[in-house]
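Everything below concerns the one structure shown next.
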Amino acid sequence: MSSALQTTDPEIYTLIKQEEKRQVDELEMIPSENFVSPAVMEAVGSVLMNKYSEGRPFARYYQGNANIDKIESLVETRALKLFGLDENEWHVNVQPVTGSIANFAVYATLLSPGDKMLGMNLYDGGHLSHGWKLPEGKKISFTSRIYDSHFYSVDQKTRVFDYENIMKIAKRVMPKILISGGTAYPREIEHAKMRQIADSVGAYYMADIAHEAGLVAGGVNTSPFPYADVVTMTTRKTLRGPIGAMVFVKQEHASALDFNIFPGLQGGPQNHSIAGIGVALKEALQPEFKTYARQVIKNAQALAAKLLDLGFDVVSGGTDKHLVLVDLRNMGLSGKEVALALEKVGIIANKNTVPNETGKPWNPSGLRLGTPALTTQGLKEKDMEKIAAKIAETLQSRNSPQS
Ligand SMILES: Cc1ncc(COP(=O)(O)O)c(C=O)c1O
């Protein structure tokens, strides 16, 4: 019997089926992607999407929200529990539709227009939403048009952070907020040191753990909560939930944060996504999730080690996380051509900027590879070694005169 979607809209149905097949047939190695469980998908595809619920749990602008109220407050309780937080000290808002909106809501809460922010250089793995503007001044992120954004970089030689240097930059810039977190930094952030730097200049410390949320929840990356004033995260990456984001602030900022999310930046929350996040949080609270998080890192380390063996320039010499960043310049290749060549053999990765970048963001010098999705599918270290070998073979045949 055909499904409702198949009958109503065979074109969309067929494309979804093709995407379902692609996700199974190809190797998903984009570090910010994962596969949600059928339970998460069921919640996201539920009737919750029919309901408008502007406001906060138990304080809505619309009637008929008794169930939505219970769901959203349950999700908040699970979020606090997962990260071991005391509800008298920490407040969480699970409504931001994306990580970028979550971050903007934090700036709106803690900063005034024109205030200085200090975050990680995008070329070294930082994120657009931390106020990215080009070195020559072009303001890319809307955040950089409102706030005065500044950046710190990795050490040119080691390609890891030199916290003494970040301290020097902070003392020169005197930011109101110091931000850590990024999309392509393979090493753990030392949150205790970031706290010290923030304290030395009287700044707030915001840890954006969009990428590492699941690794922190699984206890295999350091938790920023003992050190940060604010923690933001997306829910779809290592945390293995649907698209969405969460912001955790100290109670003193709770009502300002909530106000900046709604009515400040958003309208009605996506109740179906929030429920899906709740299911993912419940899954992350189970002991198996710790095993998963540990395996994600073991896999990334096995991948990095094999790539190093095969002559690849693995940035920082390895990884503490779920991602591996490769600088392709020693092979005379660019990120774009490599990502396209790998796609042809069913390996889905993405081109990325690297420290000391000499290329352009649309054709950078690096390749970013991640293990969260493959680990969800049950792949192990030996599989990673085979994948590394396949990557090398693909690039060799690309460089050989016959190809
Ligand atoms: C560190 C960091 N912060 C924020 C975001 C923004 O997330 P979104 O794409 O949901 O806006 C990302 C997404 O990749 C990220 O890596």
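The values are calculated or read from the model by the stated rules, or taken from the named source; none is laboratory data. In this text, all values refer to a predicted model and were calculated from it rather than measured experimentally. Because the Cβ atoms are built from the backbone with ideal geometry, glycine has one as well, and the counts that use them run over all protein chains shown. Just the protein is used for accessible areas: all its heavy atoms, side chains included, with ligands, DNA and RNA removed. Shrake-Rupley method; radii C 1.70, N 1.55, O 1.52, S 1.80 Å.
For R240, the test of being within 16 Å of the ligand (Cβ to nearest atom), basic (K, R) and open to solvent by 30 Å² or more (accessible area, probe 1.4 Å) is passed. Taken together, the criteria place P263 among residues that are farther than 30 Å from G366 by Cβ and surrounded by fewer than 16 Cβ atoms within 10 Å (Cβ to Cβ). Pick from the stretch 348-360 the residues that are assigned to a loop (DSSP other than H, G, I, E, B) and in contact with a strand residue (DSSP E or B) (Cβ under 9 Å, 6 or more places away or on another chain): which of them is surrounded by the fewest Cβ atoms within 10 Å (Cβ to Cβ)? Looking at residues that are assigned to a loop (DSSP other than H, G, I, E, B) and in contact with a strand residue (DSSP E or B) (Cβ under 9 Å, 6 or more places away or on another chain), I get N356.
Per the listing D124, D155, the residue uniquely of a type in the set (D, E, K, R), within 14 Å of the ligand (Cβ to nearest atom) and assigned by TED's automatic domain parsing to the domain that holds E212 is D124.
Looking only at residues in the stretch 75-108 that are of a type in the set (S, T, N, Q) and more than 16 Å from the ligand (Cβ to nearest atom), the one that is nearest to A280 (Cα to Cα) is T77. Against the list (1) hydroxyl-bearing (S, T, Y); (2) farther than 26 Å from S273 by Cβ; (3) open to solvent by less than 30 Å² (accessible area, probe 1.4 Å); (4) touching a residue at least 60 places away in the same chain (Cβ under 8 Å), the condition Y205 fails is (4). If you go through the stretch 106-133 and pick out every residue that is of a type in the set (V, I, T) and surrounded by 24 or more Cβ atoms within 10 Å (Cβ to Cβ), you end up with 1. Of the residues in the stretch 243-279, how many are part of a helix (DSSP H, G or I) and either within 15 Å of the ligand (Cβ to nearest atom) or over 27 Å from H191 (Cβ atoms) (or both)? Residues that pass the stated criteria total 14.
Can you confirm whether Q301 is at pLDDT 95 or above, among the polar types (S, T, N, Q), open to solvent by 30 Å² or more (accessible area, probe 1.4 Å) and not assigned by TED's automatic domain parsing to the domain that holds P96? Judged against the criteria, Q301 is a match.
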